[in-house]
Amino acid sequence: MSELKYDVVIVGAGIAGPMMARDVAKAGFSVLLVDKKAAIGSPKQCAEGININVFEKYGIPYDKRFVNREIYGARIYSPSGYTAELRYKNVSGVILERKVFDKMLAFYAAREGADVWPRAEAVDVIRENGRVEGLKIKREGELLDVRAKVVVAADGVESTIARKAGINTYAPPHEFDSGYEYEMLIEGFDPDIIHLWFGNEVAPRGYVWVFPKDEDRANVGIGINSDNPKTAKYYLDKWLREHGISTNKILEVNVGLVPVGGFVKELVKDNVMIIGDAARQVNPMHGGGMAEAMKAAAIASKWTVKALEEDNLKLLQNYTEEWWREEGPKMEKLLKLRRVTEKLTDEDLDVFVQILGGTDLEKLAGGKYTEIIKALLKNPKVMFNRRRLSLLKELL
Ligand SMILES: Cc1cc2nc3c(=O)[nH]c(=O)nc-3n(C[C@H](O)[C@H](O)[C@H](O)COP(=O)(O)OP(=O)(O)OC[C@H]3O[C@@H](n4cnc5c(N)ncnc54)[C@H](O)[C@@H]3O)c2cc1C
């Protein structure tokens, strides 16, 4: 059995892993990035929508090879068919091609000096004298011992490595959404905006989405609470049937869990760090995790580089502290909002979308949900309903 040594070994080449590998390698440290997939990025488990601002913010080239379609806004649909639309003059987001995007992120890491191994599964941690000294990695059938000063679990929602290293990542099933998606031919929807349908019979707790990748091709998917007695596929197929959309022109089926809560308190244990979906760093309202994975990777990289430069691994703990200080309050508020929206009836959703439809949504956009609450409080349909008022009070 061969033995290898790195400063940092990262498990998972989705979004968080390659971003961190790139930044740590760029600072001159030796990094190994491994993924069990034979082709990085494939299969995807994602609707591929992301805000335009991440490219500049995280130094990612705006490359047409993975920017599949530019998006100018969103339209939401209530159970009875009321709509509210937010449309910008400029590009507000993009639908990526994740099979290319994830692979290119790993390529940028390789270009900065990181070693990248696909078809390499981390099967266990190497533990000596109570301390994690590296990982046991099965690379194309060969079992290797990889030693590292820092071990990073960027292994996604089903993460095993953090748990093996003794980090508690448990969250009850209710804190996860089940996602089911078809990339398929679909016509009749404005391909320059994303479309979201809400309703307790449409998508319990979540929504149905159409994220256009072409004039007539889109990721059409659904997220629902994973402890629902019915499956996400049941609700998606029902929605397609009700909209007269054939299920005979499907190019891909994508399935996956989305953490929508259950944030991990301790993101570092000794020399082991956890980032991205593995740490439940996902927006609990809309289930988007790519931008959050990038943010976590940026903070974790910063402290890893500092810890290695100063030869003081205690500095890694600052990642937990900085993430909770910078992202924690926003995520906790969004979680509270998610818990309140779970209690909305279809009638509430109709009222909500009607009110949004008559509001300047551009002013409300940007995650300032207190602005939405103010708009709702001004409306008599909310003000004269005791239950709705008490739901709003839960948020204040
Ligand atoms: C149906 C669906 C739709 C979504 N839509 C969106 C969206 O539109 N926008 C958005 O922002 N987010 C979306 N998300 C969430 C988004 O996909 C994740 O938040 C994001 O991929 C998290 O990145 P990550 O790097 O943490 O994990 P991942 O991208 O999941 O990467 C983890 C990687 O680790 C690898 N791995 C796991 N275990 C091991 C092991 N033991 N050894 C080696 N490799 C291992 C896996 O193969 C995988 O490549 C969606 C999720 C789902 C399920």
Rg followed by Dmax, in Å, when the chain is reduced to its Cα trace | 21.7, 72
Between Thr231 and Lys333, what length in nm is gained on full extension when 0.36 nm per residue of separation is reduced by their alpha carbon distance?
-> 33.9 nm
Once the Cβ-Cβ distance between Ala171 and Leu395 is put in as r, and R0 is 30 Å, what FRET efficiency do you end up with, to the nearest 0.05?
-> 0.85
How far apart, in nm, are the 7 Å Cα→Cβ label points at Glu252 and Arg386?
-> 5.1 nm
Given a cut-off of under 8 Å on Cα pairs at least six residues apart, what relative contact order in percent is computed for the range 249-377?
-> 20 percent
Pulled fully out, how much extra length does the chain show between Asp360 and Arg119, if you take 0.36 nm times their separation in residues and subtract their Cα-Cα distance?
-> 81.8 nm
Contour minus end-to-end for Ala39 and Met285, with contour as 0.36 nm per residue of separation and end-to-end as the Cα-Cα distance?
-> 85.5 nm
What ranking do 75-81, 264-270, 281-287 get when scored by the average of other Cβ atoms within 10 Å per residue, highest first?
-> 281-287, 264-270, 75-81
Do any of Lys5/Lys302; Lys64/Lys89; Lys26/Lys138; Lys36/Lys99; Lys44/Lys213; Lys26/Lys306 go past 18 Å between their Cα atoms, and which?
-> Lys5/Lys302; Lys64/Lys89; Lys26/Lys138
Would you mind pulling out the separation of the Cα centroids of the range 130-180 and the range 78-107, in Å?
-> 29 Å
Glu266 to Tyr88: FRET efficiency via 1/(1 + (r/R0)^6), r the Cβ-Cβ distance, R0 51 Å, to the nearest 0.05?
-> 0.85
Which of the peptides 344-355, 85-96 is most tightly packed, and how do the rest follow, judged by the mean count of other Cβ atoms within 10 Å per residue?
-> 344-355, 85-96
Average accessible area per residue (Å²) across the chain - probe 1.4 Å, nucleic acids and ligands excluded | 46 Å²
Which whole-number percent gives the relative contact order of the range 8-73, counting Cα pairs below 8 Å spaced six or more residues apart?
-> 27 percent
Cα centroid separation, the range 281-306 to the range 249-274 (Å) = 11 Å
For the chain, with all protein chains present and a 1.4 Å probe, just round the carbon and sulfur fraction of the accessible area to a whole percent.
-> 51 percent
Once both label points are put 7 Å beyond Cα along the C-beta direction, the Lys306-Lys378 separation in nm becomes 4.3 nm
Near-label residues of the range 80-111 by backbone N, under 17 Å of a point 7 Å along Cα→Cβ of Asp214 | 95-100
Starting from the Cα of Asp346, step 7 Å along the direction of its Cβ; do the same at Phe55; then give the gap between the two resulting points in nm.
-> 4.1 nm
Relative contact order (percent) for the range 173-259, with alpha-carbon contacts under 8 angstrom and 6 or more residues of separation?
-> 43 percent
Helix-only mean residue ellipticity at 222 nm for the chain, each DSSP H run of n ≥ 4 adding -39500 (n - 2.57), per residue, nearest 500 = -9500 deg cm²/dmol
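The values are calculated or read from the model by the stated rules, or taken from the named source; none is laboratory data. All values reported here derive from a predicted model rather than from experimental measurement. So basically every Cβ, Gly included, is an ideal-geometry build from the backbone, and we count neighbours across all protein chains shown. Ligands, DNA and RNA are excluded from the accessible area calculation, which covers all protein heavy atoms including side chains. Shrake-Rupley method; radii C 1.70, N 1.55, O 1.52, S 1.80 Å.
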